[in-house]
Amino acid sequence: MLTLHCPYCGVAADETDLHAGGQAHLKREGPDASDDAFEDYLFMRENPKGVHFERWRHVYGCGKWFYAARCTATLEVFGTYPAQTTEPPQDIRDKITAKRPGWAWGAFK
Amino acid sequence: MKPPAAGCRFHAGAYVVKCKERDADSILLALHRVQIGCERVTDQTGNRGPMKRYSAFAIAREALRQHTGWGRAWAARTPRRKYDVVIVGAGGHGLATAYYLGRNFGITNVAILEKGWLGGGNTGRNTTIIRSNYLQDPSAAIYEKSRSLYETMSQDLNYNVMFSPRGVIMLAQTQAEVRGYKRTAHANALQGVTTEWIGPDRVKELCPIMNIDGPRYPVLGGLYQARGGTARHDAVAWGYARACSDMGMDVIQQCEVTGVRQTGGKVVGVTTTKGDIDCDKLGLVVAGHSGVLAQMAGFRLPIESVALQALVSEPIKPCMDIVVMANTVHGYMSQSDKGEMVIGGGTDGYNNYTQRGSFHHIEETVRALVETFPMISRLKMLRQWGGIVDVTGDRSPILSKTPVDGVFVNCGWGTGGFKAIPGSGWAMAELMAKGQSPLTDEFSMFRFREGKFIDESVAAGVAH
Ligand SMILES: Cc1cc2nc3c(=O)[nH]c(=O)nc-3n(C[C@H](O)[C@H](O)[C@H](O)COP(=O)(O)OP(=O)(O)OC[C@H]3O[C@@H](n4cnc5c(N)ncnc54)[C@H](O)[C@@H]3O)c2cc1C
Ligand SMILES: [Zn+2]
């Protein structure tokens, strides 16, 4: 079973305590956005075989949303971090780089 | 086996079948086998030999000679430098696309490239439910086309795919489902798809092992499609591969596509683990890996790849001759010809490429089914496995042109594309050959942008 560390309450939460919330760091578009940007935001998704960033909710715990960096090819978890950010923090990026040199995801490297 | 006769044309590397010579050839071939005791003509080096028909007569003939005369069903080939069409992915959809390119459009200079083995993806991992009782018109059109092609597939391919139209019931266990399935039954009537709404007594009659008075979710009725059923999944892949090989197409296993080459926005070929291969048209038919291939070609898809699991029990005596799907509780079950109870459930909630799902989903599925089928509570489960399914936002597939000229995608079948294999191949071949098909028009990858969803998620819940 997938186990993620909740960055708020600090517990190692089992997958059954969590709710998967899909791709992280979506750039939200407003009414004045172009059709392309809006389509991208609403429907297109990163679907990499490798490094991936996701939203998760500690639903049967503290109830808060957080982010996780995982590898979809091995199920390895690189780390989790609070949701009050628009991009993965440097320490998480460094951890990923140590294990997956040259990784890229959306606009992040 | 004696060494091949010198100068024997059945053993010459460059031997190519011409269709009109085939009948004469099979007589010569039979003589040839008798003369030198040759076991096979289409050998590992990729010699092309005529396909022999399977029949009761062939079985009798082979029984008399210790089964020494069976040829390989399809040839193992090494890729050529260039093809008119390259299909990536030798699952059911890729192979069916190639088959109908040849059969309906005479396009046979085709290679089907597979990174693993034939049908080793979801085609060989699914629970083989076949039905066409979808809600939306475009879905009904392609799924019913598909179901009807399954009716004659064994004859068309001369390969027993064990299509068994034993009937499929989708149980209604909540009032919302009752309304939903009645609506689907009415929609199906308008679409010309034969289904009916049946009450709980009829459900019990069709499937006596079911407990219809469950404490949590009593059975309130069901949507019944009498000509739905199951088929042998591997055989579907093998039958198409054999037919493609026989048309002169190259089915190449252990050949992973690693890049899509293009010039000026048009595809010119692919790079693979067996070298570069050029093509005029490229079909990406790789299910869970669609996102990966799209990335190679430089575009994105509205698809996420997640694990879906299934399991089978120890074999038991025949007890259930119908397929039952219980969508509220996320479980479905049928009995295979071997006697195993074949069980499937819902997908995991997160992206995954490992073909391994979370255990608690299996637990949930079995827990739910035990309530409806109390007799399975003491069954031992034999095997469990997972596949990576390609899920779109509206739970409908994508059969489409792409932003790259000459590149087409057939994907997004998600948890329910086995039933669609022949219809999808038929439609995709037309799209690739002619640039347009009435069956694929609505399934464009650009429909999301226009808000033209083909929303089956509400109707189906679980869409196997
Ligand atoms: C557990 C489970 C149960 C299911 N139950 C049902 C059911 O009851 N009824 C139903 O209708 N559907 C069901 N499905 C869905 C169905 O299995 C799929 O929709 C269908 O088989 C997809 O076929 P395909 O040919 O598109 O994909 P696949 O069979 O997955 O074939 C794609 C192929 O592409 C190959 N590939 C990937 N990347 C590359 C590359 N780079 N180069 C070369 N080759 C590559 C893969 O190795 C694979 O063989 C189920 C699926 C699962 C996993
Ligand atoms: Zn928490």
Selection count, segment B:85-135, where residues are among the hydrophobic types (A, V, I, L, M, F, W, C), near ligand 1 (Cβ under 7 Å from one of its atoms) and closer than 30 Å to residue B:223 by Cβ | 2
Residue satisfying all of: in segment B:341-364; under 15 Å from residue B:383 (Cβ atoms) and within 14 Å of chain A (Cβ to nearest Cβ); surrounded by the most Cβ atoms within 10 Å (Cβ to Cβ) among these | B:357
Please find, within segment B:288-307, the residue that is farthest from residue A:44 (Cα to Cα) out of those that are open to solvent by less than 30 Å² (accessible area, probe 1.4 Å) and touching a helix residue (DSSP H, G or I) at 6+ places or on another chain (Cβ under 8 Å).
-> B:288
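Could you tell me whether any residue of segment B:433-447 is away from chain A (no Cβ under 14 Å), in contact with a His (Cβ under 9 Å, 6 or more places away or on another chain) and assigned to a helix (DSSP H, G or I)?
no
Determine which member of the set A:43, A:78 is without any contact (Cβ under 8 Å) to a residue 40 or more places away in the chain, away from ligand 1 (no atom under 16 Å from the Cβ), open to solvent by 30 Å² or more (accessible area, probe 1.4 Å) and not hydroxyl-bearing (Ser, Thr, Tyr).
Answer to the selection: A:43.
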Which one is farthest from residue A:72 (Cα to Cα) among residues in segment B:326-340 that are at pLDDT below 95 and buried (at least 20 other Cβ atoms within 10 Å of the Cβ)?
-> B:326
Could you check how many residues of segment B:366-391 are open to solvent by 10 Å² or more (accessible area, probe 1.4 Å) and not in a strand (DSSP E or B)?
-> 10
Filter segment B:335-354 down to residues that are polar (S, T, N, Q) and assigned to a loop (DSSP other than H, G, I, E, B) and give me whichever is nearest to the chain's Cα centre (by Cα).
-> B:336
In segment A:62-74, is there at least one residue being in contact with a Cys (Cβ under 6 Å, 6 or more places away or on another chain), part of a loop (DSSP other than H, G, I, E, B), surrounded by 13 or more Cβ atoms within 10 Å (Cβ to Cβ) and not acidic (Asp, Glu)?
-> yes
Matching option when the condition is farther than 17 Å from residue A:16 by Cα and within 11 Å of chain B (Cβ to nearest Cβ), among A:54, A:87, A:46 = A:46
Specify which of the listed residues (A:10, A:21) is open to solvent by less than 70 Å² (accessible area, probe 1.4 Å), within 9 Å of chain B (Cβ to nearest Cβ) and within 17 Å of residue A:84 (Cβ to Cβ).
-> A:21
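The values are calculated or read from the model by the stated rules, or taken from the named source; none is laboratory data. Worth saying up front: this structure is predicted, and the values here are computed from it rather than measured. Quick reminder, even Gly has a Cβ in these numbers, built from the backbone with ideal geometry, and neighbours come from all protein chains shown. Each accessible area value is taken on the protein alone, full model and side chains, heavy atoms only, with ligands, DNA and RNA left out. Shrake-Rupley method; radii C 1.70, N 1.55, O 1.52, S 1.80 Å.
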